[in-house]
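Novice: Starting off with a structure, shown below.
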Amino acid sequence: LSISGNRLKDKNGNNYQLRGMSFFWSNWQGKFWNYETIKWLRDDWHCNVIRAAMGISPDDNSGYFDKPDLELHKMETVIEAAIDLGIYVIVDWHSHKAESEGSQEKAFFAEIAQKYGSHPNIIYETYNEPPGNDWGTIKSCQQAVVNEIRKYDTKNVIIVGTPFYSQDINNATNNPLSGSNLSYALHYYAASHTFWNSVGTVSSKGYYVFVSEFGTCDASGAGSVDVNNSNTWWNTLDQYGVSWCNWAVSDVNEAAAIVKPGSSISGGWNPSSDLTTSGILVRNKFRGYSQDRVPTNIAPYITSSPKSQSVPIQSIASFNVEVTGPEPFTYKWYFKGNPLSNSNAAAYTVASVTEQDTGSYYVEITHAIGETTSKTVRLDVRYRSPYYATSQSNPGIIQFED
């Protein structure tokens with residue numbers, strides 16, 4: 001993706017629009033940050049982007065600054081799932097005080113850019129919602145982060161936060177940052193905000209607006225869903241090709257959440273029983289758009305890659321790949337670089353894993369136009385506790401894994 005003036009472009013120079021969901025704060029609703037949920041949002045909701053809102057420094061000390069390994073693991077899980085599933089992911093520094101977090105933020109984005117910047121799926125969001133109006137200070141802190149990202153990733157799109165909770169995009173674009181492929185964040189909540197004319201104003205100045213967060217309800221996340229204002233906003237965003245992400249993939253008991261409390265944490269939601277009023281409205285909006293088409297004149301296109309796994313000894317392990325394109329397909333799985341017999345399907349299963357089955361696997365998929373090779377993944381084995389499947393009395397020994 002690239003930004004040319006006030007439009008987002010695909011690799012062929014065509015106008016392109018991203019439409020997707022924003023995850024809730026990672027530190028509070030990290031249970032949804034998994035491959036299965038992302039795949040469901042892609043396949044059932046027709047999302048082509050996911051926003052990973054990593055909580056940085058909330059007052060309860062549950063965010064990235066206090067638990068960096070845990071929160072980074074969640075972020076990398078989402079990034080790698082998006083890459084495997086062929087959609088985009090916004091890496092969001094979800095903070096309200098990034099001006100005082102510069103050194104930590106630069107180090108974080110440098111690590112992400114070095115590890116994942118070669119993938120076109122990555123989009124960076126440098127400041128979720130600056131609460132103040134001092135654009136000079138806000139701009140300065142983000143320019144430093146942009147410069148740090150560009151040391152390692154010179155091309156992928158960067159979303160820049162704007163003053164007053166990313167609402168004053170006009171002020172920001174009157175004094176823009178330096179750099180290429182930059183867009184300016186606009187956040188709104190339909191029941192509270194009616195400043196949709198600002199989209200046209202900034203677009204006419206030649207800058208690309210990116211709605212990286214919006215809600216269908218009140219700005220507090222509560223209240224009721226405003227259908228009329230939601231549709232007015234959507235019509236405006238479509239008019240100017242603005243990309244958007246809805247807040248939020250969550251089962252918090254509030255109007256902005258898309259699923260009801262207690263719903264599955266891995267997708268598979270029933271629209272009539274699991275989705276909230278906002279969830280139903282937003283899902284229907286997604287499904288009203290045409291899905292991105294996969295060209296028919298190319299080699300098999302992988303839409304879901306095999307995944308590495310670690311399983312208990314003597315249990316079942318299965319690798320799966322999903323592809324699209326003109327059928328029929330032929331499949332050939334490889335183990336440690338050698339072809340496996342009886343491996344001519346989209347799934348390859350090891351019925352009872354032993355140490356001899358551990359190592360690297362990949363699959364070649366062929367059809368009339370060409371051949372595609374999946375990424376190489378790994379199967380590892382772990383041993384069962386000696387207390388596995390046997391009753392124990394307390395006090396006694398309880399052993400936990402993973």
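The values are calculated or read from the model by the stated rules, or taken from the named source; none is laboratory data. These numbers come from a predicted model, not from an experiment. Neighbour counts are summed over all protein chains in view; Cβ atoms, including those assigned to glycine, are modelled from backbone coordinates with ideal geometry. Side chains included, ligands, DNA and RNA excluded: accessible areas come from the protein's heavy atoms. Shrake-Rupley method; radii C 1.70, N 1.55, O 1.52, S 1.80 Å.
Residue-by-condition table, conditions (1) open to solvent by less than 60 Å² (accessible area, probe 1.4 Å); (2) among the acidic types (Asp, Glu):
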| site | (1), (2) |
| --- | --- |
| ASN61 | no, no |
| ASP66 | no, yes |
| ILE79 | yes, no |
| LEU85 | yes, no |
| SER95 | yes, no |
| LYS106 | no, no |
| ASN121 | yes, no |
| TRP135 | yes, no |
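Novice: Let me ask something else about it. Just the residues that are without any contact (Cβ under 8 Å) to a residue 40 or more places away in the chain and either in a strand (DSSP E or B) or buried (at least 24 other Cβ atoms within 10 Å of the Cβ) (or both), please, taken from segment 139-174.
Specialist: Listed by number, the residues that qualify are ILE158, VAL160, THR162, ALA172.
Novice: When the residues of segment 7-36 are narrowed to those that are part of a loop (DSSP other than H, G, I, E, B) and more than 12 Å from the chain's Cα centre (by Cα), which ends up surrounded by the most Cβ atoms within 10 Å (Cβ to Cβ)? Break it down stepwise before answering.
Specialist: Quick first cut of segment 7-36, residues part of a loop (DSSP other than H, G, I, E, B) only: 10-14, 16-18, 24-25, 33-34.
The next check asks that each one be more than 12 Å from the chain's Cα centre (by Cα); those that pass are 10-14, 16-17, 25.
On the way: ASP10: 13, LYS11: 9, ASN12: 6, GLY13: 10, ASN14: 9, TYR16: 17, GLN17: 17, TRP25: 21.
It comes out as TRP25.
Novice: Given the condition in contact with a Leu (Cβ under 8 Å, 6 or more places away or on another chain) and either touching a residue at least 60 places away in the same chain (Cβ under 8 Å) or assigned to a helix (DSSP H, G or I) (or both), answer yes or no: does some residue in segment 113-124 qualify? Break it down stepwise before answering.
Specialist: Residues of segment 113-124 that are in contact with a Leu (Cβ under 8 Å, 6 or more places away or on another chain), as a first pass: 120, 123.
Those still in the list that are either touching a residue at least 60 places away in the same chain (Cβ under 8 Å) or assigned to a helix (DSSP H, G or I) (or both) too: 120, 123.
Yes, the conditions are met somewhere in segment 113-124.
Novice: When you check GLU99 against the structure, is it within 11 Å of the chain's Cα centre (by Cα) and assigned to a helix (DSSP H, G or I), yes or no?
Specialist: Working: within 11 Å of the chain's Cα centre (by Cα): no; assigned to a helix (DSSP H, G or I): yes.
The answer is no for GLU99.
Novice: Which residue is nearest to ALA256 (Cα to Cα), if the candidates are limited to segment 267-280 and must be touching a strand residue (DSSP E or B) at 6+ places or on another chain (Cβ under 9 Å) and either touching a residue at least 24 places away in the same chain (Cβ under 8 Å) or surrounded by fewer than 21 Cβ atoms within 10 Å (Cβ to Cβ) (or both)? It would help to see each step written out before you state the result.
Specialist: In the first step, residues of segment 267-280 are kept if they are touching a strand residue (DSSP E or B) at 6+ places or on another chain (Cβ under 9 Å); the result is 269, 274-276, 278-279.
Next cut, either touching a residue at least 24 places away in the same chain (Cβ under 8 Å) or surrounded by fewer than 21 Cβ atoms within 10 Å (Cβ to Cβ) (or both) only: 269, 274-275, 278.
Details: TRP269: 16, ASP274: 14, LEU275: 11, SER278: 6 Å.
Selected residue: SER278.
Novice: Separate question: With (1) closer than 20 Å to ALA256 by Cβ; (2) not in a helix (DSSP H, G or I); (3) not β-branched (Val, Ile, Thr) as the list, and PHE65 as the residue in question, which single condition is left unmet?
Specialist: Going through (1) closer than 20 Å to ALA256 by Cβ; (2) not in a helix (DSSP H, G or I); (3) not β-branched (Val, Ile, Thr) one by one, PHE65 breaks only (1).
Novice: Just to verify a result, which residue in segment 360-390, among those that are modelled with pLDDT of 90 or more and not in a strand (DSSP E or B), is surrounded by the most Cβ atoms within 10 Å (Cβ to Cβ)? Can you show your working first?
Specialist: As a first pass, look at segment 360-390 and keep what is modelled with pLDDT of 90 or more: 360-381.
Cutting the leftovers down to not in a strand (DSSP E or B) gives us 367-370, 374-376.
Working: HIS367: 17, ALA368: 9, ILE369: 14, GLY370: 12, SER374: 22, LYS375: 14, THR376: 15.
Ranking the candidates gives SER374 first.
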